[in-house]
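In what follows, a single structure is set out as structure tokens and then discussed.
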Amino acid sequence: MAEGARRPARDRIDTTKAHAARVYDYLLGGKDHYDVDAEMGDALKAKLPSLPITMRQNRLFMHRVARYLAREEGVRQYLDIGTGLPTSPNLHELVQQEVPDASVVYVDNDPIVLAHAEALLTSASPGRTAYVDADMREPESILGAEAVRSLIDLGRPVALTVIAVLHFIPPPLDHELVRRLVDPLPSGSFVALSMGTSDFSDGETSRDMVSQYERQGITVFPRTHAQASAFADGLDLVPPGVLPVHRWRPDALQDGVADGDVAVYGFVARKP
């Protein structure tokens, strides 16, 4: 469900440069990428061989967050910003297993994601899903989108998920955008964030990673633990707090994973 007067998705696909969502897909072992994305993924792995582990653990973090919010908190409304390419199980599949009538609105501005939107819009009744073609840098256009107004009742708790997106947005704009998304949500809503970090790599490796992205026109801003934690200011952190994502309520799939192999912080917090 595209919103606004944006060019058709096929006209916005650039196969000459790597794209973060497609590189992520490649590193997860997906099929929705181009040679240029695979080349960048290989270059990144050469500098940081554990990168596929990082990507996988970030995805598993989303799985556990979704189940927690649906199963333990009973959240029935989800707004997922920066959805990325479909990789089953997707957010709506996870939460609707626990809460069959849950509504999920996916938001992304990548034309490849839009081209695959139909895969996200398959929801067994009574659950509902929708897709909004919009940019996180325009929060009001997201919250004002028809799909959001139709599926999300801002009089009831909402789960806002922004997974592996914020490290592509420079400070202080990142905090401003999160605030503009969180402020309209009612008390009792939840915020789940994850973002890349260089805390577990040496300075040279971190600089090489950033340079690899910049060569493709992608700017990356890794966050320290303190910087990641600052996004929870004014919110009530859900235990165990801000941690490398594999240590947030881990299960058997996290056994044997080391902090040094997971360059992503994540947390869930409740809006008081």
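Values in this text are rule-based calculations from the coordinates and carry no lab data. This one's a predicted model, so the numbers in the text were calculated from it and none came from an experiment. A quick note on method: Cβ atoms are made from the backbone with ideal geometry, for glycine too, and the neighbour counts reach across all protein chains shown.
Here are a few things to note about the model shown:
- Most mobile of Arg137, Arg247, Arg59 in a GNM of the chain (Cα contacts under 10 Å): Arg137
- Backbone N under 16 Å from the Arg137 label point (7 Å along Cα→Cβ), restricted to the range 94-119: 108-111
- The H on the amide N of Val132, modeled in the peptide plane, is under 5 Å from the matching H of Tyr106, Val107, Asp108, each at least 5 residues off or on a different chain.
- The calculated FRET efficiency for the pair Glu204 and Arg71, based on their C-beta separation and a Förster distance of 41 Å, comes to about 0.45.
- Think of the range 117-272 as a dipole: +1 on every Lys or Arg Cβ, -1 on every Asp or Glu Cβ, centred on the Cα centre; then among Pro172, Pro272, Val242, Pro272 lies furthest on the positive end.
- Highest-MSF residue in the chain out of Gly29, Gly41, Gly84 [GNM, Cα springs under 10 Å]: Gly29
- Look at the dipole of the chain built from charges on Cβ: of Met40, Phe61, Gly30, the Cα furthest out on the positive end belongs to Phe61.
- Against the rule of thumb 2.2 N^0.38 Å, how large the Cα Rg of the chain comes out: 0.95
- Legend: calculated FRET efficiency, Ser229 to Ser125, from the Cβ-Cβ distance at R0 = 41 Å, rounded to 0.05, equals 0.55.
- Gain on full extension, evaluated as 0.36 nm per residue between Asp14 and Lys45 minus their Cα-Cα distance, stands at 8.9 nm.
- Converting the Cα gyration tensor eigenvalues of the range 72-173 into ellipsoid dimensions via √(5λ) gives semi-axes, longest first, of 21, 16, 13 Å.
- Going from the fewest other Cβ atoms within 10 Å to the most, the residues Thr16, Thr122, Thr205 appear in the order Thr16, Thr122, Thr205.
- Annotation: the antiparallel percentage among DSSP beta bridges lying fully within the chain is about 35.
- At R0 = 22 Å, FRET efficiency that the Cβ-Cβ distance of His63 and Asp183 yields, to 0.05: 0.20
- Exposure proxy for Glu214, Glu39: other Cβ atoms within 10 Å of each Cβ, ordered fewest to most, give Glu214, Glu39.
- Amide hydrogen neighbours beyond the local backbone of Leu243, cut-off 5 Å, H modeled: Gly266
- Extension gain for Asp35-Leu154 works out to 38.6 nm (0.36 nm per residue, less the C-alpha to C-alpha distance).
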